Amino acid sequence: MSAVKLSTGVKNSDNQAITNIEDALYALGVRDNTLSAAEKKALDEQGYLILNGIIEKSQLKQWRETFDNLLAQDKIEMAGAYKARGTRHLSDLVNKTTMFDLVFTSPRLLAAVHQILGRDFRLVMPAGRDPHPGFGQQSLHADAANYSPYQPAWAVTSLWMIDDFTAENGATRLVPGSHKLPPNQLINPAATHPRQIQAVAPAGSVLVFNSFLWHSGMLNRSQVRRRALQVVYSPTDMGQYISSAYQRESGFDMHSPAAKYILGL
């Protein structure tokens, strides 16, 4: 994907209307050098990138407490989604709390999303995932089917690591470069791919990857948790976002026009 092209015309993002993704990204602090040349190359060629330190260490305790408080509310369900055995899910997170608003305002994350998509995009409602010890194994899969190596990405997925992702607690596995290949699925969840790696990283990191990349959760073989937010960003030309879904009781007036643009408001 070509490098991010950003407008330099946004001077006052608090008062000025935002009409395109380039101005929105610029107003939110994204610049051509927000990602290094090596990071952009990794996204293009390997299909993924781990961004360390996106969630500040001082905020991690609050993220964990908020995540667990939401889990305790029985009314929160992942509507229409399959409930994996041994895994707890959260949905509708943006409407329920302001704690996770970083998922649509982080400059480095947004720069990575645009590097992959290269066109206008919006946030799709974030979800949460928390596999119990002894669970979490998935078969290798892609979130979207790639029928041509020249086809633009259909979406970008990011995993916000609220806990450390380790080999023992089942850090997500990836097959680097597989976003350029036809769709594949290893039906046996325990089957391995000769080129797979695990996205081992400390809490506060974000794994971001092309929707065509082959990946899966792994078995949590430890006695510690692996809480994460799963956040998807979709191009507007795919029509997979619904702006009316964002109806948080407190509203979104606190956010700049640029942040609202990412939400589709």
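Please treat every number below as a calculation from the coordinates, not as lab data. What you are looking at is a predicted structure, and each value in this text was computed from that prediction instead of being measured. FYI the Cβ positions are ideal-geometry reconstructions off the backbone, even for glycines, and counts take in every protein chain you see.
A few notes on this one:
- As a rough guide to protection, the peptides 34-43, 87-96, 213-222 ranked by mean Cβ packing within 10 Å, highest first, stand as 213-222, 87-96, 34-43.
- Values of log10 I(q)/I(0), in the order q = 0.17, 0.27 Å⁻¹, for the stretch 94-158 under a Debye, Cα-only, solvent-free model: -0.85, -1.22
- Between the stretch 39-69 and the stretch 141-210, the Cα center-to-center distance that results, in Å: 15
- Of 41/260; 40/61; 41/180, those spanning more than 21 Å from alpha-carbon to alpha-carbon: 41/260; 40/61
- Placing a pseudo-label 7 Å from each Cα along the Cα-to-Cβ vector at residue 45 and residue 191 gives an inter-label distance of 2.9 nm.
- Counted residue by residue at 0.36 nm each, then reduced by the alpha carbon distance between them, the extension gain from residue 72 to residue 20 reaches 14.8 nm.
- Computed lengthening from residue 150 to residue 135, 0.36 nm per intervening residue step minus Cα-Cα distance: 1.8 nm
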